Amino acid sequence: MLPLTPDGQTPVRALTIAGTDSGGGAGIQADSRTMALCGVHACVAVAAVTVQNTVGVSGFHEIPPRIVADQVRAVVRDIGIGAAKTGMLASTAIIEAVAGVCRELGIGRAGTIPLVVDPVAASMHGDPLLHAEALEAVRTTLIPLATVVTPNLDEVRLITGIEVVDDPTARKAAEALHALGAQWAIVKGGHLRASEFSTDLLYDGDTFREFSAPRIATGNDHGGGDTLAAAIACALAHGYSVPDAVEFAKEWTYRCLAASYDLGAGHGPVSPLWRLRTDA
């Protein structure tokens, strides 16, 4: 586990720039839960407000791009952060505003503050969370800022055109993501459900690293991608290297999947609440 700050002392800070989930399972809510239970102070910049529950997303409202950027600027200039992550950035205008403020404040691979890019394109139910024309902005504006990019397999296909079905295609996809400008690229294996293990592949342009965990048979996996990306950001904020941060996040997400619970009529959330147990 990540080290906890003694009571009364200011903890490590991290920022999530993402959309809300009114059902509490994913998005900023999932990010904030993981950050808090990792002992990290969570700051937020809301980029969109979704209307969703456990069965789907029925709508969303985009926050004006200037307001999204101003939230980031206000937090970083006053509070300071050790890492940031992005989630749902619904439009080209929001992506460009976030990229601009990140460059201004030294967030991203060229700056001093690491950035985890979770290029959210659709909900787990297939509901769109990104306008189709914004995919090009993800490729050319957002991913080149990434210290590490963490798409799921559906997002890999949309961004790179590569259908990942096995290890060779996963490696090809990782190379393609890295070629778009990310310092490190992860191709997550959680959606290859025929496999006995969930294996995530990490690539830095030179070396492939694999992180595996036994597959947990559950439909309650809402927010799993957000949780992984947020946990990586927490570890990076503590000064971990990217491989060590991914290793921590893989174990964290596995335990959150093991603790997932039923909620509503659809997919329940992964849960970091196991961390509240004193014997965990």
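The values are calculated or read from the model by the stated rules, or taken from the named source; none is laboratory data. Remember, predicted model here, so these are calculated numbers, not experimental data. FYI the Cβ positions are ideal-geometry reconstructions off the backbone, even for glycines, and counts take in every protein chain you see. These accessible areas exclude ligands, DNA and RNA; they are computed on the full protein's heavy atoms, side chains included. Shrake-Rupley method; radii C 1.70, N 1.55, O 1.52, S 1.80 Å.
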Cα gyration tensor, region 165-280 - rounded (a/c under 1.5), prolate or oblate: oblate
Chain lengthening between Ala74 and Arg157 when straightened (0.36 nm per residue, less Cα-Cα): 26.4 nm
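What FRET efficiency comes out for the pair Val51/Ser212, r = Cβ-Cβ distance, R0 = 41 Å, nearest 0.05?
Values: r = 36 Å, r/R0 = 0.89.
Once rounded, the FRET efficiency stands at 0.70.
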Whole-percent carbon and sulfur share, accessible surface of the chain, 1.4 Å: 53
For the chain, whose charge dipole is built from +1 on Lys and Arg Cβ atoms and -1 on Asp and Glu Cβ atoms, the candidate among Asn53, Leu129, Ala84 with its Cα farthest towards the positive end is Ala84
Probe 1.4 Å, protein heavy atoms only - accessible area per residue of region 13-264 in square angstrom: 38
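Would you mind telling me the antiparallel percentage of the DSSP bridges in region 13-264, rounded to 5? Present the calculation step by step, with values, prior to reporting the outcome.
Numbers: 17 of 36 bridges.
Taking every DSSP beta bridge with both residues in region 13-264, the antiparallel ones total about 45 percent.
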Placed amide H near Leu89: partners under 5 Å, 5+ positions off or other chain: Val120
Name the cysteines of the chain that stand alone by the Cβ rule: no other cysteine Cβ under 4.7 angstrom. Cys43, Cys102, Cys256
Can you tell me how region 13-264 classifies by the Cα gyration tensor, rounded, prolate or oblate, using a/c under 1.5 as the rounded cut? rounded
Taking amide hydrogens as modeled 1.01 Å from N in the peptide plane, which residues meet the under 5 Å criterion relative to Trp184, leaving out close sequence neighbours? Val148, Val149
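Using R₀ = 22 Å, calculate the FRET efficiency as 1/(1 + (r/R₀)^6) where r is the Cβ-Cβ separation of Glu196 and Glu175; round to 0.05.
Values: r = 25 Å, r/R0 = 1.15.
Working from the Cβ atoms, E equals 0.30.
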When ranked by the protection proxy of mean other Cβ atoms within 10 Å per residue, highest first, what sequence do the peptides 135-146, 61-72 form? 135-146, 61-72
From the phi of every residue in region 140-147, what ³J(HN,Hα) in whole Hz does the Karplus formula 6.51 cos²θ - 1.76 cosθ + 1.60 yield, where θ is phi - 60° and glycine or proline is x? 9, 10, 8, 4, x, 7, 6, 5
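Give the shape of region 1-84 as rounded, prolate or oblate, defined through the alpha-carbon gyration tensor: a ≥ b ≥ c are the square roots of its eigenvalues, a/c under 1.5 means rounded, and otherwise the shape is prolate if a/b is larger than b/c and oblate if not. Display every interim value, and only then the final one.
Working: a/c = 3.74, a/b = 1.41, b/c = 2.64.
Because a/c hits 1.5 or more and a/b fails to exceed b/c, region 1-84 counts as oblate.
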Karplus (6.51, -1.76, 1.60) ³J(HN,Hα), θ = phi - 60°, over region 112-127, in Hz, Gly and Pro reported as x: 9, 10, x, 10, 9, 9, 9, x, 5, 10, 7, 6, 5, 8, x, 6
Ranking request for peptides 22-33, 156-167, 225-236, 42-53: highest mean number of other beta-carbon atoms within 10 Å first, then the rest in descending order. 225-236, 22-33, 42-53, 156-167
Hey, what do the phi angles of region 175-184 turn into as Karplus ³J(HN,Hα) couplings, whole Hz, using 6.51/-1.76/1.60 and θ = phi - 60°, x for Gly and Pro? 5, 5, 5, 4, 5, 6, x, 5, 5, 10
222 nm mean residue ellipticity, helices alone, for the chain (DSSP H n ≥ 4; -39,500 (n - 2.57); rounded to 500): -10500 deg cm²/dmol
Provide the percentage of antiparallel DSSP beta bridges, counting only those with both residues in region 1-143; round to the nearest 5. 30
Between Val165 and Ala36, what is the label-point separation in nm under the 7 Å Cα-to-beta-carbon projection? 4.4
Taking the Cα centroid of region 22-59 and of region 167-186, what is the distance between the two, rounded to the nearest whole Å? 27
Can you give me the relative contact order of the chain as a percent, contacts being Cα pairs under 8 Å and 6 or more apart? 17
Using amide H atoms built in the peptide plane, which far-off residues or other-chain residues are under 5 Å from Phe60 H to H? Val51
